[in-house]
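What follows is one structure encoded as structure tokens, with my remarks underneath.
The values are calculated or read from the model by the stated rules, or taken from the named source; none is laboratory data. Source: prediction; values computed, not measured. All Cβ positions, glycine included, derive from the backbone under ideal geometry; neighbour counts span all protein chains shown.
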Amino acid sequence: MILILFAALALGVCGDGSRLGTTAALHDGCRDASMSLVQSQASRRGTVAAFLQLGPKPWEERYYYVGAHHKSGTELLRAVMRHAFDTLHAPSSCHYWKPGVKPTPAHFITSTDHDAYCFDRLDIPIQFDPSANLQRFAAAKGAAVLRELPIRGVHAVRKPKDMLISAYCYHHRGQEYGDAVAPWPEIMSMSPVQGLMALWPAMSGIIQDMLDFYTNTSSDEVFHMRFEEVTSSSQAFDEVVQRLFRFLFAPAVPESDLSRMWQAAKVEDLNSNPTYANAIASSDHSNKDDCMQAAQESLLQLDPRVVQILKDTQEQLGYSIENWPDALRS
């Protein structure tokens, strides 16, 4: 409609069908008709300027890979990114959860069209991997290369000892009953030392995947979101999420929309009003402090080889090991 209006003005034709001279000013009837058409279009689009500035969507210019690991802050990262993509009205996403299985809310990052398995639909540029590894990131990156697009990723990172402790307390209280990471139902009656050692075979592989991803991806492609940093305070949450969104979406997304995304994600701040219905609270992923502390105090009673791996891996992930085992965050 705007193009029709511009063509009419270029030809000197008024809204009432009369014709202007080549140097004449618009008479009232023509001006009113023109303004009416513009106002009608503006009411549908917001403003003419906004309509004319519409360009490619972020997912038309980049691939997005959101990766996490069991007890690395998966639920927090997934929820933050879901707020971002929903705010931008992302049309679809895929997941690397299980082929042929419809994902639960814990395994998708867009509210719309999120059931596809990524290996079946690598053409979908928004991808969520709750068990991130380099093979799947390479698949996503290869799909991006085929479309001549760059890739941007975000990866959840956490201290390995805290992941192991959190996994014990989580499964010890019966969560995700039957999951292959833990022995069932024995884990529910195991002491911290017994439970941590029973979980170690599975968790050691998960921790190794996290380390491999951290050490073999570049900083221009992947933003590593540390659980300890993003949960340390409300100010830290704001700073980390704002840096994350700018890394992923700027300059394609303007500052005004980045701000709206950040405001939407603030509900996931674990230091905010505890009555907020954030994703971790609603999914019962938060563990009790007394269990976490008991498991922390049991760390040095584990097999010395396990203790050394946990310590070494923490350092390789860029964390300090001074005064190890240092205080944990639940």
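Looking at residue 236, is it assigned to a helix (DSSP H, G or I) and in contact with a Leu (Cβ under 6 Å, 6 or more places away or on another chain)? For residue 236, the condition - assigned to a helix (DSSP H, G or I) and in contact with a Leu (Cβ under 6 Å, 6 or more places away or on another chain) - is not met. Any residue in region 136-145 that is over 13 Å from the mean Cα position of the chain (by Cα), surrounded by fewer than 23 Cβ atoms within 10 Å (Cβ to Cβ) and part of a loop (DSSP other than H, G, I, E, B)? There is no residue in region 136-145 that is over 13 Å from the mean Cα position of the chain (by Cα), surrounded by fewer than 23 Cβ atoms within 10 Å (Cβ to Cβ) and part of a loop (DSSP other than H, G, I, E, B). Looking only at residues of region 293-323 that are in contact with an Asp or Glu (Cβ under 9 Å, 6 or more places away or on another chain) and touching a residue at least 40 places away in the same chain (Cβ under 8 Å), we find that the one that is surrounded by the most Cβ atoms within 10 Å (Cβ to Cβ) is 314.
For region 134-153, how many residues are in contact with a Cys (Cβ under 8 Å, 6 or more places away or on another chain) and not small (Gly, Ala, Ser)? Counting residues in region 134-153 that are in contact with a Cys (Cβ under 8 Å, 6 or more places away or on another chain) and not small (Gly, Ala, Ser) gives 1.
Across region 166-203, the number of residues qualifying as under 24 Å from the mean Cα position of the chain (by Cα) and part of a helix (DSSP H, G or I) comes to 4. In this structure, residue 129 qualifies as of a type in the set (D, E, K, R) and touching a residue at least 24 places away in the same chain (Cβ under 8 Å).
Close Cβ contacts (under 6 Å, 6 or more residues apart or on different chains) running from residues in region 232-249 that are over 17 Å from residue 155 (Cβ atoms) to residues that are in a helix (DSSP H, G or I) and of a type in the set (Asp, Glu) comprise 236/229.
Let's see how each residue does on (1) out of contact with any Cys (no Cβ under 8 Å at 6 or more places or on another chain); (2) surrounded by fewer than 19 Cβ atoms within 10 Å (Cβ to Cβ); (3) outside the structural domain of residue 247 (by TED's automatic domain parsing):
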{"site": "94", "(1), (2), (3)": "no, no, no"}
{"site": "114", "(1), (2), (3)": "no, no, no"}
{"site": "121", "(1), (2), (3)": "no, yes, no"}
{"site": "132", "(1), (2), (3)": "yes, no, no"}
{"site": "174", "(1), (2), (3)": "yes, yes, no"}
{"site": "201", "(1), (2), (3)": "yes, yes, no"}
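Residue 223 meets all of the listed conditions (1) under 25 Å from residue 247 (Cα atoms); (2) in a helix (DSSP H, G or I) but one, namely (2). In the set 195, 142, 153, 178, only one residue is of a type outside the set (D, E, K, R), at pLDDT 95 or above and either outside the structural domain of residue 109 (by TED's automatic domain parsing) or out of contact with any helix residue (DSSP H, G or I) (no Cβ under 8 Å at 6 or more places or on another chain) (or both); that residue is 142.
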